[in-house]
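Engineer: Below is one structure. I have some questions about it.
The values are calculated or read from the model by the stated rules, or taken from the named source; none is laboratory data. Worth saying up front: this structure is predicted, and the values here are computed from it rather than measured. No Cβ is skipped: glycine too gets one built from the backbone with ideal geometry, and neighbour counts run over all protein chains shown.
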Amino acid sequence: MRTIVAGNWKMNTDRASAEALVDALVKATAPPAQVDVVIAPPFPFLALAVEKTRGTRIIVAAQNCHEAAHGAYTGEVSASMLKSIGVRACIVGHSERRQYFGESDAVIGQKIAALLAQDITPIFCCGERKDERESGRHFDVVTEQLKGALGTFTNEQLMQVVIAYEPVWAIGTGLTATAQQAQDMHAHIRACLHTHGGQVAATVPVLYGGSCKPDNAEGLFAMPDVNGGLIGGASLDAGQFLELIRIAGGEEWSRSRAG
Ligand code: PGA
């Protein structure tokens, strides 16, 4: 399976710093062949990111979209608008959207449907809060999120989705899940996908997110069910993000570095 390193810039950067960050990534050497690189700048900088990354292997993603195709939804952005400017992926159901904007799994499922209709790859986020882990309910919470948001899709549709497991207690806190905690949940997610058949389980990448940085990524990315990372803070620093891409390249990078 391919490895994905995706940068979620959240509500950070301005025009000049967004441009500088994209430029630094574009100028760097091409990512290892088996690694897909995704960046998710804020809405106002998506078009410039698409223009600047044209002809490179960097995929530009949005951080959110509205579930409706168009209409009287002041302040919202539709999947077809994203499509029309060349956006190829979109984060949905991030825990900050769930927490601050009240997004439910049902709405997140509708957003995924809207994205799939435009052939945009949804990066679906799931993950438990601290209290849910402490009370031992983390596997059940994630199972419910998967069912609630993805339950109605066909296998063909599910195979277009990327899942990001992001334990809420690890996001922006500096607390990372241990590689084993991540692996255990990723294996659980893979088992949930298996209920839709082996092909779905073998096709859908499951990324880890939550304080993933160059100093902990090696252990996380080495886990058999971890197919890369969704990176917040460290994606705002070109050097750190490039290092994460190199780590995701694994052996190939080590060999080429040694050679
Ligand atoms: P973080 O954010 O890497 O800053 O913890 C990850 C995310 O929220 O996607």
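Engineer: Can you tell me which of 59, 112 is within 26 Å of residue 24 (Cβ to Cβ) and of a type in the set (Val, Ile, Thr)? Talk me through it step by step, then tell me what you get.
Structural biologist: Details: 112 fails: within 26 Å of residue 24 (Cβ to Cβ).
Within the list 59, 112, the selection yields 59.
Engineer: Shifting gears a bit: Given the conditions (1) away from the ligand (no atom under 16 Å from the Cβ); (2) crowded, with 22+ Cβ neighbours inside 10 Å, and given that residue 152 satisfies all but one, which numbered condition is not satisfied?
Structural biologist: Of everything listed in (1) away from the ligand (no atom under 16 Å from the Cβ); (2) crowded, with 22+ Cβ neighbours inside 10 Å, residue 152 misses just condition (2).
Engineer: Is it fair to say residue 190 is within 16 Å of the ligand (Cβ to nearest atom) and either under 26 Å from residue 236 (Cβ atoms) or not aromatic (Phe, Trp, Tyr) (or both)?
Structural biologist: Taking the combined requirement at face value, the residue does not satisfy it.
Residue by residue, here is whether (1) more than 16 Å from the ligand (Cβ to nearest atom); (2) closer than 30 Å to residue 28 by Cα; (3) at pLDDT 95 or above holds:
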position	(1), (2), (3)
156	yes, no, yes
162	no, yes, yes
179	no, yes, yes
198	yes, no, yes
201	yes, no, yes
213	no, yes, yes
221	no, yes, yes
225	yes, yes, yes
233	no, yes, yes
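Engineer: For residue 69, work out the one condition from (1) within 16 Å of the ligand (Cβ to nearest atom); (2) farther than 17 Å from residue 148 by Cα; (3) out of contact with any Leu (no Cβ under 9 Å at 6 or more places or on another chain) it doesn't fulfil.
Structural biologist: Condition not satisfied by residue 69: (1).
Engineer: Hey, does region 100-123 have a residue that's part of a helix (DSSP H, G or I), under 20 Å from residue 227 (Cβ atoms), within 16 Å of the ligand (Cβ to nearest atom) and at pLDDT 95 or above?
Structural biologist: Keep residues of region 100-123 that are part of a helix (DSSP H, G or I), which gives 100-101, 105-117.
If we keep only those that are under 20 Å from residue 227 (Cβ atoms) as well, we get 112, 115-116.
The next check asks that each one be within 16 Å of the ligand (Cβ to nearest atom); those that pass are none.
No, region 100-123 has no match at all.
Engineer: Return a yes/no flag: does region 73-96 have any residue that is of a type in the set (Phe, Trp, Tyr) and either touching a residue at least 24 places away in the same chain (Cβ under 8 Å) or more than 16 Å from the ligand (Cβ to nearest atom) (or both).
Structural biologist: Taking region 73-96 as the starting set, the residues that turn out to be of a type in the set (Phe, Trp, Tyr) are 73.
So of that shortlist, the ones also either touching a residue at least 24 places away in the same chain (Cβ under 8 Å) or more than 16 Å from the ligand (Cβ to nearest atom) (or both) come out as 73.
Checked against the condition, which is being of a type in the set (Phe, Trp, Tyr) and either touching a residue at least 24 places away in the same chain (Cβ under 8 Å) or more than 16 Å from the ligand (Cβ to nearest atom) (or both), region 73-96 yields at least one hit.
Engineer: Considering only residues that are in contact with a helix residue (DSSP H, G or I) (Cβ under 9 Å, 6 or more places away or on another chain) and crowded, with 19+ Cβ neighbours inside 10 Å, which ones fall in region 79-95?
Structural biologist: Answer for region 79-95, where residues must be in contact with a helix residue (DSSP H, G or I) (Cβ under 9 Å, 6 or more places away or on another chain) and crowded, with 19+ Cβ neighbours inside 10 Å: 79, 82, 87, 89, 90, 91, 92, 93, 95.
Engineer: Next question. Pull up region 124-141, narrow it to residues that are in a loop (DSSP other than H, G, I, E, B) and of a type outside the set (Ser, Thr, Tyr), then point me to the one that is farthest from the ligand (Cβ to nearest atom). It would help to see each step written out before you state the result.
Structural biologist: Kept after step one, since they are in a loop (DSSP other than H, G, I, E, B), are these residues of region 124-141: 127-129, 135-137.
Filter again for of a type outside the set (Ser, Thr, Tyr), leaving 127-129, 136-137.
Numbers: 127: 9, 128: 14, 129: 14, 136: 23, 137: 21 Å.
Looking at the filtered set, the residue picked out is 136.
Engineer: Which of the numbered conditions does residue 128 fail, given that it passes all the others? Conditions: (1) touching a Cys at 6+ places or on another chain (Cβ under 8 Å); (2) without any contact (Cβ under 8 Å) to a residue 60 or more places away in the chain.
Structural biologist: (1)
Engineer: While we're looking at this one, here's another question. Kindly state which helices (runs of 4 or more DSSP H) lie completely within region 156-259 and contain at least 1 residues that are in contact (Cβ under 8 Å) with a residue 24 or more places away in the chain and surrounded by 23 or more Cβ atoms within 10 Å (Cβ to Cβ).
Structural biologist: Values: elements: 179-194, 198-203, 214-221, 238-249, 251-258.
Ranges flagged: 179-194, 214-221, 238-249.
Engineer: Looking for whichever is more than 30 Å from residue 141 (Cα to Cα), within 16 Å of the ligand (Cβ to nearest atom) and assigned to a loop (DSSP other than H, G, I, E, B) here; the options are 13, 56. Which one fits? Step through it out loud before you land on a result.
Structural biologist: Values: 56 fails: within 16 Å of the ligand (Cβ to nearest atom).
Exactly one of 13, 56 is more than 30 Å from residue 141 (Cα to Cα), within 16 Å of the ligand (Cβ to nearest atom) and assigned to a loop (DSSP other than H, G, I, E, B), namely 13.
Engineer: Given the conditions (1) within 16 Å of the ligand (Cβ to nearest atom); (2) free of Cβ contacts under 8 Å to residues at least 40 places away in the same chain; (3) surrounded by fewer than 18 Cβ atoms within 10 Å (Cβ to Cβ), which single one is not true for residue 23?
Structural biologist: (1)
Engineer: Just a yes or no: is a residue in region 33-42 part of a helix (DSSP H, G or I) and surrounded by fewer than 23 Cβ atoms within 10 Å (Cβ to Cβ)?
Structural biologist: Here is the first cut: in region 33-42, the ones part of a helix (DSSP H, G or I) are none.
There is no residue in region 33-42 that is part of a helix (DSSP H, G or I) and surrounded by fewer than 23 Cβ atoms within 10 Å (Cβ to Cβ).
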